[in-house]
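Asks: I have a structure here, written as structure tokens, and I will follow up with some questions on it.
The values are calculated or read from the model by the stated rules, or taken from the named source; none is laboratory data. These numbers were taken from a predicted model, which means no experiment stands behind them. Counting neighbours? That spans all protein chains shown, and the Cβs are built from the backbone with ideal geometry, glycine included. Surface accessibility is based on the protein's heavy atoms, side chains included, excluding ligands, DNA and RNA. Shrake-Rupley method; radii C 1.70, N 1.55, O 1.52, S 1.80 Å.
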Amino acid sequence: MSWEPRTLSTVLALQAERRGPSQAVVTPTASVTWRDLHEHARRVAKALLARGVGRGEFVGLLCGNDEHWVASFYGAALIGAVTVPVNTRFKAAEIGYCLRQSDVRLMILADCFLKIDFVDFLCEAEPAVNVGLPGQELPLLRDVVVIGNVVPRAGLGWDEFLHAGEHVSDEALATAMRSVTPSDLLLIQFTSGTTAHPKGVMLTHDNMLRNAAAVGERLGIEAEDRYFNCRPFFHVAGSTLSLLCALSAGACIATLPTFEPGAALKMLEAERCTLISGNDTLFLMLLAHPSFDRRRLHLRGGWAAAGPDTMRRIIDEMGIARICWAYGLSEASPNVVINDWRDGEALRVGGFALPHDGVAVRIVDEATGHLCTAEEVGEIQVCGWGVMLGYYNQSEANAKVFTADGWLRTGDLGALRDDGRLRLVGRLKDVFRVGGENVAPAEVEQVLLSHPAVALAQVVGVPDARLGEVPAAFVTLKPGLALDAADLLAWGRQRMANFRAPRYLQVVSDFECIGMTASGKVQKNKLREHAIARFRLSNNQ
């Protein structure tokens, strides 16, 4: 694929010119044309300039998948501001951490989403939002813009925010846009790792737009396609591999505020969607829903991060003949390898795909550091144009994630065939996925350790029929203190996003009988085996 680095502004203007009256975004409450989307993004850009936000400054974004999310993301990009998507499942402390870690200057949020009071959460993270900004907890946060009716004292309503931008001239906007380059940051993507907190992945315009275009070419996306998005836009699978894929091709993106299989099936039928993407969990939920009927679907292709059994069912039961297997991670923008839709079915079902042109993959033996030969399993390492600039404000994490010769350590296990196709084997790191969400044990352990009675906490992922894996926790207590497992579970659910909160928990006297290393660390593989037995689970769930 021939590629010339470009900014999001360039691509959006091009599609507005080419595809002006055609649909660009469809949600349950809106249908937005390319021409209108371009204009909405320009209005947001002017409103940001009116609040003093410019190139290289950070804009937090906390709302469900809708036209406001898209216009805000694109509007910030026009003037070189960097979007910081915040997970809609985060609680107050998690929201506060993300905003603080990424130096967010202005925050755009829905007042309420799925009955969650985001304004209340933000006020808990920074009490000055209810009085006057800036405050002490988030000293760089100067403005809060609320989509909805509940606006705190130091905040602005969405309409008021946009209205203030009307005083910014077209010339001032054009001047701001001219300063943006393809190598500028476009997004800070928070992702779970092996540390106690999420890390902010720095991705540029070129990273994300090139990844989106490369994936689109492999999938065969055309301007007339209607791409159904299952993933939240606060994930790169939603932002890059759905939203920007559609942008690059001029195709329409159809999305729901959040994924629910019944509503998804209705939208797939009503909007006559031709493309879809997601992981095992999402596809299995669609297949299992009582209203599923392949005769009502019009899907011809897309991608899935799924195992061979699920890939087989997607083709046979959903009728998506051109579905492609994909592998990637946030730190790589995110896609590393994906099938071409013209690859043989066996390659696509089996999960054997080539890297993009200009992206290299190697397999390294973790113990020796030597390169592995064909079919030999080791850590997947990546270099090339898709690799992030690094983690924002986390030099220690950057030193660990990059090798001495500049390759990205993925922490995943795989093997390369003689023909260069990658086969994913498993995870080297402890991170596990709960219904598509990455969960680092350290994140959950830190919350549990903040309970006054807990001395030590260890968390592992255990099998779950619906979500793939869920957290299971084991804790020891401080001398002389007592605590019921059910009470601790309830306590944790109030302080963690639902996908992070342990599903199972046991109070133990120590970890010696389960397995400790010579250096005194709990052996997570043995702990997982113990959890499966203790909670009567099955690896086949």
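Asks: What are the ³J(HN,Hα) values, in whole Hz, obtained from phi via the Karplus relation 6.51 cos²θ - 1.76 cosθ + 1.60 with θ = phi - 60°, for each residue of the range 89-105 in sequence order, with x given for Gly and Pro?
Replies: Once rounded to whole Hz, the list reads 8, 5, 8, 4, 5, 5, 4, x, 4, 4, 5, 6, 5, 9, 6, 5, 9.
Asks: Right, another one. Go through 527-533, 363-369 and give me the packing order, highest mean Cβ count within 10 Å leading.
Replies: Ranking the peptides 527-533, 363-369 by packing returns 527-533, 363-369.
Asks: If you average 1/r over all unlike Cα pairs in the range 227-371 and invert the result, what Kirkwood radius do you get in angstrom?
Replies: 15.9
Asks: On to the next question. Arrange the peptides 183-189, 460-466 so that the one whose residues have, on average, the most other Cβ atoms within 10 Å appears first.
Replies: Final packing ranking: 183-189, 460-466.
Asks: How many nm is it between the label spots at Val508 and Asp405, if each spot is 7 Å from the Cα in line with the beta carbon?
Replies: 4.0
Asks: While we're on this one: What is the list of residues in the range 49-73 whose amide nitrogen lies under 19 Å from a point 7 angstrom out from the Cα of Val150, following Cα to Cβ?
Replies: 61-65
Asks: Given a 1.4 angstrom probe, what's the average accessible area per residue across the chain, in square angstrom?
Replies: Ligands and nucleic acids excluded, the result is 40 Å² per residue.
Asks: A follow-up question, please. Given the DSSP H assignment, sum -39500 (n - 2.57) over each helix run of at least 4 residues in the chain and divide by its residue total; what's the result at 222 nm in deg cm²/dmol, nearest 500?
Replies: Helices in the chain give a 222 nm mean residue ellipticity of -9000 deg cm²/dmol.
Asks: Hey, another quick one. Could you pull out every residue, at least 5 positions away or on a different chain, whose amide H is within less than 5 Å of the one on Ser277? Hs are placed 1.01 Å off N in the peptide plane, and Pro or chain starts have none.
Replies: Cys230, Trp303
Asks: Evaluate the relative contact order of the chain (contact order divided by residue number), counting alpha-carbon pairs under 8 angstrom at least 6 apart; express in whole percent.
Replies: 11
Asks: Something else about it: Rounded to whole Å, give me the distance from the Cα center of the range 191-257 to that of the range 365-390.
Replies: Going from one Cα centre to the other spans 24 Å.
Asks: Here is a follow-up. Measure up Lys115/Lys199; Lys91/Lys524; Lys115/Lys400 against 30 Å on the Cα-Cα distance and list the ones that go over.
Replies: Check vs 30 Å cut-off fails for Lys115/Lys400.
Asks: Can you classify the range 246-311 as rounded, prolate or oblate using the Cα gyration tensor, where a ≥ b ≥ c are the square roots of its eigenvalues, rounded means a/c under 1.5, and otherwise it's prolate if a/b beats b/c and oblate if not?
Replies: Oblate.
Asks: Pulled fully out, how much extra length does the chain show between Arg294 and Asp159, if you take 0.36 nm times their separation in residues and subtract their Cα-Cα distance?
Replies: In short, 44.4 nm is gained.
Asks: Using +1 at the Cβ of each Lys and Arg and -1 at the Cβ of each Asp and Glu in the chain, identify which of Phe511, Gly20, Trp69 lies farthest towards the dipole's positive end.
Replies: The Cα lying farthest towards the positive end belongs to Phe511.
Asks: Would you list, by chain and number, the lysines whose Cα falls below 21 Å from the Cα of Lys478, excluding same-chain residues fewer than 8 positions away?
Replies: Hits, sequence-local ones excluded: Lys521.
Asks: While we're on this one: From the alpha carbon gyration tensor of the range 415-489, can you work out the equivalent ellipsoid semi-axes (sqrt of 5 times each eigenvalue) and give them in Å, largest to smallest?
Replies: 35, 13, 9
Asks: Where the accessible area of the chain is counted over protein heavy atoms with a 1.4 Å probe, how much of it, in %, is carbon and sulfur?
Replies: Result for the chain: 49 percent of the exposed heavy-atom area is carbon or sulfur.
Asks: Okay, moving on. When the C-alpha atoms of the range 157-217 are aligned to their principal axes, what extent does each axis show, in angstrom, from largest down?
Replies: Taking the Cα atoms of the range 157-217, the three principal extents are 46, 32, 21 Å.
Asks: Hey, another quick one. In terms of modelled amide H atoms, which long-range or inter-chain residues lie less than 5 Å from the amide H of Val337?
Replies: For Val337, whose amide H was placed from the backbone, the distant partners under 5 Å are Tyr327.
Asks: Given N residues in the range 1-67, what is Rg(Cα) / (2.2 N^0.38 Å)?
Replies: Dividing the Cα Rg of the range 1-67 by 2.2 N^0.38 Å gives 1.28.
Asks: So for each of 210-218, 438-446 I average, over its residues, the number of other beta carbons within 10 Å; can you give me the resulting order with the highest mean first?
Replies: Highest-to-lowest ranking by the protection proxy: 210-218, 438-446.
Asks: Any idea what % of Cα-Cα pairs in the range 343-420 are farther than 15 Å?
Replies: 61
Asks: Sort the range 30-133 into rounded, prolate or oblate with this rule: let a ≥ b ≥ c be the square roots of the eigenvalues of the Cα gyration tensor; rounded if a/c is under 1.5, and if a/c is not under 1.5, prolate when a/b is larger than b/c, oblate otherwise.
Replies: Oblate.
Asks: Dipole of the chain (Lys/Arg Cβ +1, Asp/Glu Cβ -1, origin at the Cα centre): which of Gly60, Leu185, Leu287 lies farthest to the positive side?
Replies: The Cα lying farthest towards the positive end belongs to Leu287.
Asks: Could you give the size of the charge dipole of the range 380-450 about its Cα centre, using +1 on the Cβ of each K and R and -1 on the Cβ of each D and E, expressed in debye and rounded to the nearest 20?
Replies: Using only the charged Cβ atoms, the result is roughly 220 debye.
Asks: Tally the DSSP beta bridges in the range 4-144 and give the antiparallel ones as a percent, rounded to 5.
Replies: Within the range 4-144, antiparallel bridges account for around 35 percent of the total.
Asks: Also: What is the ratio of the Cα radius of gyration of the range 87-161 to 2.2 N^0.38 Å, where N is its residue count, to two decimals?
Replies: Computed over Cα atoms of the range 87-161, the ratio equals 0.97.
Asks: 5 Å is the cut-off here: which amide hydrogens, built 1.01 Å from N in the peptide plane, fall below it relative to Ile514, excluding neighbours closer than 5 in sequence?
Replies: It is none; the list stays empty.
Asks: Please report the antiparallel percentage of DSSP beta bridges with both residues in the range 201-317, rounded to the nearest 5.
Replies: 0
Asks: Hey, another quick one. Given the Cα-Cα distance of Leu371 and Asp117 and 0.36 nm per residue of separation, how much length would full extension add, in nm?
Replies: Result: 86.4 nm gained on full extension.
Asks: Could you work out the per residue convex hull volume over the alpha carbons of the chain, in cubic angstrom?
Replies: Spelled out: Cα convex hull of the chain, divided by residues, is 154 Å³.
Asks: Something else now. If you count the DSSP beta bridges with both ends in the chain, what percent of them are antiparallel, to the nearest 5?
Replies: Once the DSSP bridges in the chain are tallied, antiparallel ones form about 55 percent.
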